[in-house]
Amino acid sequence: MKKLLFFIGIGLFLSCTKSQNPFFVQWETPFNAPPFGLIKTSHFLPAYKEGIKEQQKEIQLIVENPELPTFKNTIEALDRSGVLLKKVDHVFINLNEALTGDDMQKIAKEAAPMLSKNRDDIRLNANLFTRIKVVHDAKSSLNLSKEQLRLVDEFYDDFVRSGANLNTEQKTELRKINKELSVLSLQFGENVLKETNAFELVLSDKADLAGLPDAVITAARETAEERGYTGKWVFTLHKPSLIPFLQYSEKRALRERMLKGYINLGNNGNELDNNAIVSLMAMLRVKKANLLGYPTHAHYILEKNMAKTPNKVYELLYQLWKPALKQAINEAKSLQKMIEKEGHNFKLEPWDWWYYTEKLKKEKYDLDEEMIRPYFHLEKVRDGAFAVAGKLWGLQFVQRDDIPKYHEDVVPFEVLDRDGSHLGILYTDYFPRASKVSGAWMDAYRKQITVDGQRIAPIICNVGNFSKPTGDKPALISWDEMLTLFHELGHALHGLLSNCTYYKLSGTSVSRDFVELPSQIMENWAAEPEVLKMFAQHYETGEMIPDALIKKIKKAGNFNQGFGTVEYLAASFLDMDWHTLKDTVERDAQIFEKASMKRIGLIPEIVVRYRSTYFRHIFAGGYSAGYYSYIWSAVLDSDAFEAFRETDLFNQKTATSFRNNILSKGGTEDAMTLYKRFRGREPKIEPLLKKRGLK
């Protein structure tokens with residue numbers, strides 16, 4: 001038992017002084033969840049330093065072991081090292097995204113180079129790599145399981161790809177690049193968050209609210225009051241404020257101000273400008289790739305993904321680009337006709353697209369967002385997503401008010417398996433705030449592992465920025481927000497249902513272009529009439545969503561798909577263009593981006609989904625040369641969902657196969673091997689083209 005407690009980081013009894021830091025003591029909380037009420041910002045750096053110190057001692061013990069290298073004394077020991085460091089890092093990373101502030105950001109900047117050095121100290125340890133290589137070279141004779149063989153290969157590849165074969169001078173250069181990149185990435189994300197929070201559209205004339213729904217106006221009034229603007233309305237760049245404004249505001253000049261505020265994040269020539277950071281990061285990534293023997297950063301990244309090469313990525317993107325662009329051009333023509341039909345003579349601009357799309361949808365399908373929203377009470381949508389997981393895999397989500405939480409918006413759930421056994425903890429945190437990064441994501445406060453035959457349950461979080469309650473109305477979310485909630489729960493299930501032995505391979509530790517399969521497949525269920533009937537209930541009357549409304553939603557399913565696919569693909573092209581650079585010349589980010597979009601023929605009426613200076617995914621979020629993965633996974637999820645359609649939506653045999661071959665396996669085997677075991681073949685692109693109306 002003592003050994004088990006050591007490995008999961010809850011048996012760290014140090015000195016009396018250290019015991020005052022909650023990271024150094026056993027967490028006496030339900031399921032050993034983080035005791036957020038006891039954790040102060042002052043605890044992080046000491047815990048980081050001690051964690052690094054402990055891991056370095058553990059690495060030294062591996063290196064100095066007089067016994068011949070074995071899987072257990074080298075590979076497994078390496079995977080089990082850094083218990084304290086992982087403990088503090090998981091908590092800090094998550095809080096710095098969901099509840100950040102100046103103190104947290106200062107800690108991040110101080111910790112980043114320390115963590116970079118620690119990683120390099122391990123990966124560039126020649127004696128450690130020698131032991132790993134001995135095990136790797138003899139692996140076929142060691143009677144290892146598939147998971148153990150995978151772990152050997154993953155560590156060996158990691159060390160090689162991290163510079164283990166470089167000479168001393170090259171290793172020094174690599175350390176310098178890694179340190180600089182870690183700091184630049186943090187600065188990029190911090191700049192985007194600060195600029196997002198700084199933007200305000202303050203309105204004092206009620207006439208400027210023309211066209212906006214009552215709920216949007218109420219939310220703007222509440223935001224104004226929170227910010228000290230009496231009797232005014234404030235709109236921000238957070239999506240629940242930005243998107244409805246673009247959809248409904250009749251004031252074209254104000255729509256322009258809002259959209260330009262958004263698309264110029266990090267590009268305003270002030271202290272938060274990201275142009276230089278983008279250029280420098282791209283250059284440093286080329287240097288790093290070249291140092292490691294790769295022609296480009298994309299070649300380096302994609303080697304470990306399903307796509308394998310930049311050519312394969314471009315091939316997929318172009319395959320979809322042509323039909324999507326054609327559809328988007330037709331959509332633009334329809335919107336221009338509507339503008340002219342209203343008697344206007346201006347040309348369609350990006351700040352007009354959302355507004356006239358909403359009007360056209362109303363005219364064409366008698367449907368708009370505000371007709372759907374009353375049926376999407378956030379808590380009921382959440383419970384509906386839980387119910388889908390229940391019907392597929394027998395899961396139960398039990399709210400636990402005794403589990404500590406880091407903010408009043410957080411709701412903790414215990415997740416139980418079909419037989420009532422404990423699977424893990426899920427925190428949901430859905431509303432925007434100034435201290436939270438924009439977007440939506442899943443992460444882990446503790447990853448699932450198995451120690452001495454006992455499964456250590458994961459602690460997972462789903463974080464979003466959805467529409468919050470306004471006035472006397474509960475949180476009523478949009479169709480896209482509903483899909484996002486289902487999407488993030490899919491990621492959470494990937495973490496919660498993990499049944500792996502080793503930290504490095506568990507949960508969502510899979511290739512970047514495979515990780516979106518479990519999340520995106522959940523969106524397919526969300527849009528099914530049978531599933532909508534499970535949760536879409538009018539918040540006032542209790543009436544279930546009418547069949548007539550569902551029919552309209554289904555009929556309009558491919559409406560504006562050209563726009564959605566084109567703005568996404570454009571961002572994927574931009575990502576790949578930045579990361580297929582072969583020289584180390586610093587560039588003007590704006591000129592580079594403009595040339596990239598011109599090359600693919602992006603029409604001026606559409607702005608790339610993420611411009612370079614606020615493209616967090618690739619410059620602050622781990623998706624560099626990987627943003628394409630959403631569409632790669634869309635091929636997978638569309639094809640995988642067909643397996644359910646071929647039987648029924650909740651077919652237990654198919655669901656069990658998906659759980660056993662995808663959700664529980666983590667990265668224990670090659671992604672395509674896992675997919676083919678589930679589907680019986682490689683995925684086909686036709687289901688995706690059909691779903692998006694591009695075929």
Exercise for review: Quick one: Debye curve from the alpha-carbon atoms of segment 369-510 only, equal weights, vacuum; give me log10 I(q)/I(0) at q = 0.21 Å⁻¹ to two decimals.
Suggested key: -1.36
**Study point:** segment 2-165: relative contact order as a whole-number percent, Cα under 8 Å and 6+ apart
**Key:** 22 percent
Check your understanding: PRE reach from Ser657 (point 7 Å along Cα→Cβ): which of segment 510-543 fall under 20 Å by backbone N?
Key -> 517-525
Review point. Sorted from fewest to most neighbouring beta carbons within 10 Å, what does the list Tyr430, Tyr262 look like?
Key: Tyr262, Tyr430
Review point. Are any of the pairs Lys86/Lys106; Lys554/Lys695; Lys598/Lys690 more than 26 Å apart by Cα-Cα distance, and if so, which?
Key: Lys598/Lys690
Check your understanding: For Asp648 and Lys690, what is the calculated FRET efficiency with R₀ set at 22 Å and r taken between the beta-carbons, to the nearest 0.05?
Key -> 0.70
Review point. Amide H to amide H, which residues 5 or more places from Ile456 or on other chains are under 5 Å from it, using H placed in the peptide plane?
Key: Ile449, Thr450, Val451
Practice item. Using Cα positions and a limit of under 17 Å, work out the aspartates and glutamates in reach of Lys171, with same-chain residues fewer than 8 apart set aside. Key: Asp120, Asp121, Asp157, Asp158, Glu180
**Study point:** Protection-proxy order for peptides 252-258, 539-545, each taking the mean of Cβ atoms within 10 Å per residue, highest first
**Key:** 252-258, 539-545
Practice item. Could you list Phe376, Phe386 in order of exposure, starting from the residue whose Cβ has the fewest other Cβ atoms within 10 Å? Key: Phe386, Phe376
Review point. Taking the alpha-carbon set of the chain, what are its Rg and Dmax in Å?
Key: 25.4, 85
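Pairs Lys260/Lys333; Lys194/Lys468; Lys436/Lys582; Lys405/Lys551; Lys359/Lys533: which are spaced more than 32 Å apart, C-alpha to C-alpha?
Those over the limit are Lys436/Lys582; Lys405/Lys551.
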**Study point:** Two-decimal log10 I(q)/I(0) for segment 2-165, as the Debye equation yields it once each C-alpha is a single scatterer, q = 0.08, 0.15, 0.17 Å⁻¹
**Key:** -0.28, -0.90, -1.07
Check your understanding: Using a simple spin-label model with points 7 Å from Cα along the Cα→Cβ vector, what separation in nm is obtained for Asp417 and Lys53?
Key -> 4.0 nm
Practice item. Using the Karplus curve 6.51 cos²θ - 1.76 cosθ + 1.60 with θ = phi - 60°, work out ³J(HN,Hα) for each residue of segment 608-615 in order, rounded to whole Hz, and write x for Gly and Pro. Key: 3, 3, 10, 6, 3, 6, 9, 7
Review point. Given 5 Å bins starting at zero, what is the percent of C-alpha pairs of segment 223-283 in each, up to the one with the largest pair distance?
Key: 4, 15, 19, 17, 18, 13, 8, 5, 2, 0
Point to revise | Ala210 paired with Glu543, simple spin-label distance in nm, labels 7 Å along Cα-to-beta-carbon | key: 3.1 nm
Point to revise | For Val183, Val313, Val286, order by how many other beta-carbon atoms lie within 10 Å, fewest first | key: Val183, Val286, Val313
Study note, to complete from the structure: So, for the Cα atoms of segment 234-326, Rg and Dmax in Å stand at 19.3, 55
Point to revise | FRET E, pair Gln396, Lys308, Förster distance 45 Å, beta-carbon r, rounded to 0.05 | key: 0.65
Point to revise | For the chain, calculated [θ]222 nm from helices alone, where every DSSP H run of n ≥ 4 adds -39500 (n - 2.57) | key: -17000 deg cm²/dmol
Study note, to complete from the structure: Taking 0.36 nm per residue of separation between Glu682 and Thr172 and subtracting their Cα-Cα distance, the length gained on full extension comes to 179.3 nm
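No value in this document is a laboratory result; all are computed from the given coordinates. It should be emphasised that the depicted structure is a prediction, and the values quoted were computed from it without experimental measurement. All Cβ positions, even for glycine, are placed from backbone atoms using ideal geometry, and neighbour counts span all protein chains on display.
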